[in-house]
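The values are calculated or read from the model by the stated rules, or taken from the named source; none is laboratory data. These figures come from a predicted structure and were not determined experimentally. Backbone-built Cβ (ideal geometry, glycine too); neighbour counts: all protein chains shown. Just so you know, the surface numbers come from the protein's heavy atoms only, side chains and all, with ligands and any DNA or RNA stripped out. Shrake-Rupley method; radii C 1.70, N 1.55, O 1.52, S 1.80 Å.
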Amino acid sequence: MTGRRWTLPSIATLSDVTEAVAAPLMDRRAGRDWWLAVIGASALALAGAVAIGFSLEWGPGLWGNNTAVVWGFPIANYVWWIGIGNAGTLISSLLLLTRQKWRASLNRMAEAMTLFAVSMAGIFPILHLGRPMYFYWLAPYPNTMQLWPQWRSALVWDFWAIVSYLLFSILFFYVGLVPDLATLRDRPGSRGWQRFYGFLAMGWQGSARQWRAQERTHRTLAAIAVPLVCSVHSIVGLDFAASLMPGWTESIFPPYFVVGALFSGFAMVVLIALVMRRALGLQGVILPAHFDAMAKVILAAGIVMGASYAAEWFSAWWSGEAADLRVVRFEFTGPYRAFYWAMLAGNVLAPQLFWVKRWRTRVPVLIGVSLAVLVGMWLERILIICETLSIGYEPSFWRLYAPTLVDFAILAGTVGAFVLLLLLFGRLLPVVSMHETRKLLAEEVGA
Amino acid sequence: MTAVAWAVFDSEGAYLRARTRLIGNERRIIGEWLPYAADSLGEGAGQAGIRPATVIAGVAGAAALFALTSWSAVLAYPFNSGGRPLWSWPAFLPAVVEFGALIGGVGGVAMLFRRAGLTRLNHPAFAIPEVDHASRDGFVLAVGCDAGPDANAVLAIMADAGAVHSRLQTP
C-alpha cells in the first residue's frame, strides 16, 4: 500500500474496477430519473432550436444586440462555453503530465465535457455572423469568386481555434478511450452492443506493444494539448485585447482568460462528477478526496481571478486614462452594477468557502459554490462585452444592452443540448477510465 | 518450437515474476497482454516513430498553412485593411499554431494506429480464450517451447510464479 488511496477499500481487485464502471452502463436499464432528465434537456434544446429557427428566418434583429453592443449575448455565450470547454482537456492533460493519481476517476468526464461544451460554443459565432449560411467562407478553399479569408480578422482566428481544438480534443478523448471500449466489447452483453463497442475499439487487444504505443501517444498528445488549450483561450482573450476599446486593451487578458477557463471548467466538472457518481453508483472510484482536490483548485483559481480584477482596476487608475476610469466607475456604480457585484460574489467570494476543509467535501457546499462560479463566470463574459461597448470612447455611441427572450432561449437551448449529450454519454460510454483506475488500484494495493 | 505455453496471472507482480524468470531462463516470450499500461513494460516495441511523426506532421501542417496564408494574403487576394502590410505574418500565427497542433495530433494518432496494428477488427488473437481476460483483469503470457519436458518446465515456472491458469497449445 502506498500512502493515500483514491479508491474505496470495497474496490479490491481489477475486476471490481471493471464491474463498478461497466455494470451500471451495460447491466442496468436507464431509470426514471434519466428519462425525466432527457425529457427536460430535450425540451430546453427544442426551445433553443426554435429560437435559432426564428433567428435564421428573421435575423439578428430579434436579439438584444444594438449598434454599440454589437457582440451581445452570442459572443458572451461563446466565450463562456469555450471557457468551460477549454478546461476539460487542460485538466486531463495537465494532470496526466504531472502524474496526478486522482486524474483517473475524472479525466473522462472532463474530456467529454470539453467536446460537448466546445460544440455548443461553435454555434454562437456562426449565428452571430448575421448570414450564418455562409459560415464556410471562413475556411480557405478555392472558389469561383477567388476570395480568401481575411487572416488578420479575430473571427478567422476563432474559426481555427474552435475547429482545431474540437478535432484535437476528439483525438485525445479517443486515444484514452480505446482500451475501455475493448473492455466493453469483451464483457458479456448483447451482440449488438458488442459489435458497436468492437467497431469503436478498432481491434484493440491490450498487447504490450499496443499499450506502449497508446501510452506514448497519449502523453505526446497531452504535451501538445496544454499549450494548445492555453493558446485557444488566449486567442479568445486576444479577440478583446487586440481591439481598441477601454477596458479591453490589456496584456493581462490572455492569461486571465485561461485561468477563468480552468476556473469555470473545474466548477462544471465538480457538478458533472457529483451527478454521475450518484446516478451511476460510482462511490467506489469517485471519493470525497477527489472533490477536495478540485475544490482546492477552484479556491486557487478564485484567488487568481480576484487578483486579475484588481489588476484591471489598478491599470485603469495607474494609466489615468479617462475612458478606462469611466469603465471601472461604470462597473461599480452603473446600471449593470448589481450584476457586477454578483459576479464578484460568485467568482471571488464564494470560492473562499473552500478554505474550510470539511466544506470541500460537503455536497451542498460543492454544488452551491460550483453554481455560483458558473453563474459568476457567465456574468463576467456578459459584462466584459456590455460594459465596455455600452460606454466606449464616443458618447454618441453610448447604448445600454438588454437581452431578449430569443437570446435567453438560445442560451437555454445550448444548456439543454449540453445536458442531453452528457446524459447520452453516461449511458453509452464508461464515464470513468477503467484502465487507468486499474493501474491506480494496482499501485495502491498491489492488485 | 512446437508448442505454445499460455498462462494467465491475476496481478502485475505475479506476471512480472514469471516474465523475469522466463527471460532469465532464456525462454522466448511470443506474446504479452495486460489490462492496463503497466510501468514495468518500459521502453520497447510499439513506441518507435510516434513522437517524430507528431513533430513532423505538426511542423509540416503549420508550414503549409503559413504558406497558404502568405500566398493568399499577398498574391492571390491582396486586400488593404486599414493600411496594414499585406504580409501581416504575426496576425497569421494564431491559425497556423492551432492548425499545426491539430495536424501534429493527427500524425501521432495515425502512427499509433500503425504501431498498434489498429483497425484489424478480425485478428487471430481474438480467438485465443486467454487473451479475452486481458481487457478486464488478466495478465497473459505466451511462451514458445517444445512439447514434452521443455513445455513442462515452462509451465512449472509459470505456476510457481502464481499463474491462475495455464495450458499447453500444440499444433
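Values as computed for the structure displayed
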quantity: Matching residues, segment B:45-78, being over 26 Å from the mean Cα position of the chain (by Cα) and facing chain A (nearest Cβ under 8 Å); calculated: B:L68, B:T69, B:S72, B:A73, B:A76, B:Y77
quantity: Test: residue in segment A:31-48 that is among the small types (G, A, S) and within 14 Å of chain B (Cβ to nearest Cβ); calculated: no
quantity: In segment A:121-154, residue nearest to the chain's Cα centre (by Cα) [restricted to those that are hydroxyl-bearing (S, T, Y) and not in a helix (DSSP H, G or I)]; calculated: A:S153
quantity: Residue within segment A:276-285 that is under 30 Å from A:T18 (Cβ atoms), buried (at least 16 other Cβ atoms within 10 Å of the Cβ) and touching a Lys or Arg at 6+ places or on another chain (Cβ under 7 Å) present; calculated: no
quantity: Members of segment A:154-172 found to be more than 14 Å from B:A101 (Cβ to Cβ) and either among the small types (G, A, S) or more than 7 Å from every other protein chain (Cβ to nearest Cβ) (or both), listed by number; calculated: A:A154, A:L155, A:D158, A:F159
quantity: Selection within segment B:109-150 - more than 7 Å from chain A (Cβ to nearest Cβ) and aliphatic (A, V, I, L, M); calculated: B:A110, B:M111, B:A127, B:I128, B:V140, B:L141, B:A142, B:V143, B:A147
quantity: Condition check for B:L155: away from chain A (no Cβ under 14 Å) and either basic (K, R) or at negative phi (or both); calculated: yes
quantity: Subset of segment A:85-133 that is at pLDDT 90 or above and of a type in the set (F, W, Y) - its residue that is nearest to A:I298 (Cα to Cα); calculated: A:F116
quantity: Any hit, segment B:22-30, residues being open to solvent by 40 Å² or more (accessible area, probe 1.4 Å), within 29 Å of B:F113 (Cβ to Cβ), in contact with a helix residue (DSSP H, G or I) (Cβ under 8 Å, 6 or more places away or on another chain) and within 11 Å of another protein chain (Cβ to nearest Cβ); calculated: yes
quantity: Among residues of segment B:79-102, those that are at the interface with chain A (Cβ under 7 Å from one of its Cβ atoms) and either open to solvent by 10 Å² or more (accessible area, probe 1.4 Å) or touching a residue at least 40 places away in the same chain (Cβ under 8 Å) (or both), counted; calculated: 10
quantity: Some residue of segment A:76-97 being surrounded by fewer than 17 Cβ atoms within 10 Å (Cβ to Cβ) and at positive phi; calculated: no
quantity: Hits in segment A:313-350 (condition: in a helix (DSSP H, G or I), open to solvent by 50 Å² or more (accessible area, probe 1.4 Å), closer than 16 Å to A:W398 by Cα and in contact (Cβ under 8 Å) with a residue 24 or more places away in the chain); calculated: A:R326
quantity: Selected residue (only one of A:A442, A:A372 is at pLDDT 95 or above, in contact with a helix residue (DSSP H, G or I) (Cβ under 7 Å, 6 or more places away or on another chain) and surrounded by fewer than 22 Cβ atoms within 10 Å (Cβ to Cβ)); calculated: A:A372
quantity: Subset of segment A:107-138 [open to solvent by 10 Å² or more (accessible area, probe 1.4 Å) and of a type in the set (A, V, I, L, M, F, W, C)]; calculated: A:L115, A:F116, A:M120, A:I123, A:I126, A:L127, A:L129, A:M133, A:F135, A:W137, A:L138
quantity: Residue list for segment A:286-300, restricted to those being of a type in the set (G, A, S) and open to solvent by 10 Å² or more (accessible area, probe 1.4 Å); calculated: A:A289, A:A293, A:A300
quantity: Criterion: of a type in the set (A, V, I, L, M), more than 9 Å from chain B (Cβ to nearest Cβ), closer than 19 Å to A:T437 by Cα and surrounded by 18 or more Cβ atoms within 10 Å (Cβ to Cβ) - qualifying residue of A:V229, A:V175, A:V270, A:V236; calculated: A:V270
quantity: Hits in segment A:173-196 - residues which are modelled with pLDDT of 95 or more and more than 17 Å from B:V131 (Cα to Cα); calculated: A:F173, A:Y174, A:V175, A:G176, A:L177
quantity: Pairs with Cβ under 6 Å, 6+ apart, first in segment A:138-153 and at the interface with chain B (Cβ under 8 Å from one of its Cβ atoms) and closer than 23 Å to A:V236 by Cβ, second open to solvent by 70 Å² or more (accessible area, probe 1.4 Å) and of a type in the set (G, A, S); calculated: none
quantity: In segment A:195-210, residue farthest from the other protein chains (Cβ to nearest Cβ) [restricted to those that are without any contact (Cβ under 8 Å) to a residue 12 or more places away in the chain and in a helix (DSSP H, G or I)]; calculated: A:F196
quantity: Selected residue [in contact (Cβ under 8 Å) with a residue 12 or more places away in the chain, open to solvent by 20 Å² or more (accessible area, probe 1.4 Å) and small (G, A, S)] from B:A60, B:A38; calculated: B:A60
quantity: Residues located in segment A:409-447, provided they are touching a Ser or Thr at 6+ places or on another chain (Cβ under 6 Å) and β-branched (V, I, T); calculated: A:V432
quantity: Filter pass, A:L25 being at pLDDT 95 or above and surrounded by 14 or more Cβ atoms within 10 Å (Cβ to Cβ); calculated: no
quantity: Test: residue in segment B:48-56 that is part of a helix (DSSP H, G or I) and touching a Lys or Arg at 6+ places or on another chain (Cβ under 6 Å); calculated: yes
quantity: Segment B:103-143, subset under 12 Å from A:D186 (Cβ atoms) and touching an Asp or Glu at 6+ places or on another chain (Cβ under 6 Å), residue surrounded by the fewest Cβ atoms within 10 Å (Cβ to Cβ); calculated: B:D132
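Per-residue answers, yes or no, for (1) part of a loop (DSSP other than H, G, I, E, B); (2) modelled with pLDDT under 95; (3) under 29 Å from A:T220 (Cβ atoms):
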residue	(1), (2), (3)
B:A64	no, no, yes
B:R84	yes, yes, no
B:L93	no, yes, yes
B:A110	no, no, yes
B:F126	no, yes, yes
B:A153	no, yes, no
B:D160	no, yes, no
